[in-house]
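Quick notes on the structure that follows.
The values are calculated or read from the model by the stated rules, or taken from the named source; none is laboratory data. Predicted model, so just to flag it, every value in this text is computed and none were measured. Because the Cβ atoms are built from the backbone with ideal geometry, glycine has one as well, and the counts that use them run over all protein chains shown.
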Amino acid sequence: MTTTATDVGRILLVDQSRGALLFQETILRRREALVTTALAGSEGLQKAREEQPQLIMFGFDLFDMSAPEFCREIRNDERTRGISLLLVCDRENDQHQDLCLAAGCNDVIFRPLQRNDLDAKITRLTNIPTRRELRTLTRIEVSLEKNGRFLIGRSLNISATGMLLELDRVLPGEGKLRLHFYLPGEQKPMQIEAEVLRAEFVGTTAKYGLHFLAVTEEERERIEKFVRRLRSRELI
């Protein structure tokens, strides 16, 4: 059995505020989802057509269009009309939610966002599960190849579906990564393709949340066995 990019759900965040996008993306990290962002309504429409997300979370002010207009554009396009829409707004703005619901929005969530409330709404609107697989903190040296360049990084945690990778430099460009690493105690290398789900930058250090692609059953079992072994030691 293999895991591919199509097995992972997609959520698109649209808001003119970079801070709002960053906060929402942080909350959504527990979801097995590819989270992408857009800073304007027109950019959100383009990404919705190209990426076909299961859910779009959006604010009322979208820089170059209003939220009701954004909803109507989504619903009037046969390529996007089946996407679930979730408005993020302030509780006192009754008119905002009424206008968006009338324009085809599925539901509303109020600021400040509460994780349990958001989880419940995403579960109802999509089939994207909350991440529940075992993962463990571990530092493994990882060599990676991307766009013809080779880099060395360090894992901060790992699970059967991905890892958090730390690098001393920013990854070049977009596209898939080719990872090469050894699980501690094993002599057989792991060679897995991955894609970036999220990125954080602190000073000169970059951290990337990676999702493994095309993982074989044998590779999955090896990682899960390693994680269980380390977690059993953590509980002692």
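Looking at 30, 81 in this structure, which one is at pLDDT below 90 and more than 18 Å from the chain's Cα centre (by Cα)?
Numbers: 30 fails: more than 18 Å from the chain's Cα centre (by Cα).
Sole residue among the options that is at pLDDT below 90 and more than 18 Å from the chain's Cα centre (by Cα): 81.
Within segment 136-150, work out how many residues are without any contact (Cβ under 8 Å) to a residue 24 or more places away in the chain and farther than 24 Å from residue 226 by Cβ.
3
Inspect segment 215-230 for any residue being at pLDDT 90 or above and closer than 14 Å to residue 142 by Cα and give the result as yes or no.
So far as segment 215-230 goes, no, none of its residues is at pLDDT 90 or above and closer than 14 Å to residue 142 by Cα.
Could you list, in sequence order, all residues of segment 61-102 that are of a type in the set (Lys, Arg) and under 18 Å from residue 10 (Cβ atoms)?
Within segment 61-102, the first condition is being of a type in the set (Lys, Arg), and the residues that meet it are 72, 75, 79, 81, 91.
Hits for segment 61-102 are 79, 81.
Would you list the helices (runs of 4 or more DSSP H) that sit entirely within segment 1-111 and hold 2 or more residues that are farther than 30 Å from residue 159 by Cα? Walk me through it before giving the result.
Numbers: elements: 18-27, 41-51, 67-76, 94-102.
It comes to 41-51, 67-76, 94-102.
Go through the residues of segment 48-63 one by one and say whether even a single one is more than 15 Å from the chain's Cα centre (by Cα) and among the polar types (S, T, N, Q).
Among the residues of segment 48-63, not one is more than 15 Å from the chain's Cα centre (by Cα) and among the polar types (S, T, N, Q), which makes the answer no.
Every residue, every condition in (1) among the basic types (Lys, Arg); (2) farther than 21 Å from residue 33 by Cα; (3) modelled with pLDDT under 90, yes or no:
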{"site": "144", "(1), (2), (3)": "no, yes, no"}
{"site": "147", "(1), (2), (3)": "no, yes, yes"}
{"site": "158", "(1), (2), (3)": "no, no, yes"}
{"site": "169", "(1), (2), (3)": "yes, yes, yes"}
{"site": "182", "(1), (2), (3)": "no, yes, no"}
{"site": "188", "(1), (2), (3)": "yes, yes, no"}
{"site": "201", "(1), (2), (3)": "no, no, yes"}
{"site": "209", "(1), (2), (3)": "no, no, yes"}
{"site": "213", "(1), (2), (3)": "no, no, yes"}
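Quick one: residue 128 ticks every box in (1) more than 19 Å from residue 230 (Cβ to Cβ); (2) aliphatic (A, V, I, L, M); (3) at pLDDT 90 or above bar one, so which box is it?
The number of the failed condition is (3).
Going through segment 1-27 one residue at a time, which ones are of a type in the set (Val, Ile, Thr) and either at pLDDT below 85 or touching a Phe, Trp or Tyr at 6+ places or on another chain (Cβ under 6 Å) (or both)?
Initially, segment 1-27 is screened for residues of a type in the set (Val, Ile, Thr), giving 2-4, 6, 8, 11, 14, 26-27.
Answer for segment 1-27, where residues must be of a type in the set (Val, Ile, Thr) and either at pLDDT below 85 or touching a Phe, Trp or Tyr at 6+ places or on another chain (Cβ under 6 Å) (or both): 2, 3, 4, 6, 8, 14, 26, 27.
For segment 56-78, name all the residues that are over 20 Å from residue 122 (Cα atoms) and either surrounded by 13 or more Cβ atoms within 10 Å (Cβ to Cβ) or modelled with pLDDT of 95 or more (or both).
Narrowing segment 56-78 to residues over 20 Å from residue 122 (Cα atoms): 61-66, 68-69, 72-73, 76-78.
Once the filter is applied, which keeps residues that are over 20 Å from residue 122 (Cα atoms) and either surrounded by 13 or more Cβ atoms within 10 Å (Cβ to Cβ) or modelled with pLDDT of 95 or more (or both), segment 56-78 yields 61, 62, 63, 64, 65, 66, 68, 69, 72, 73, 77.
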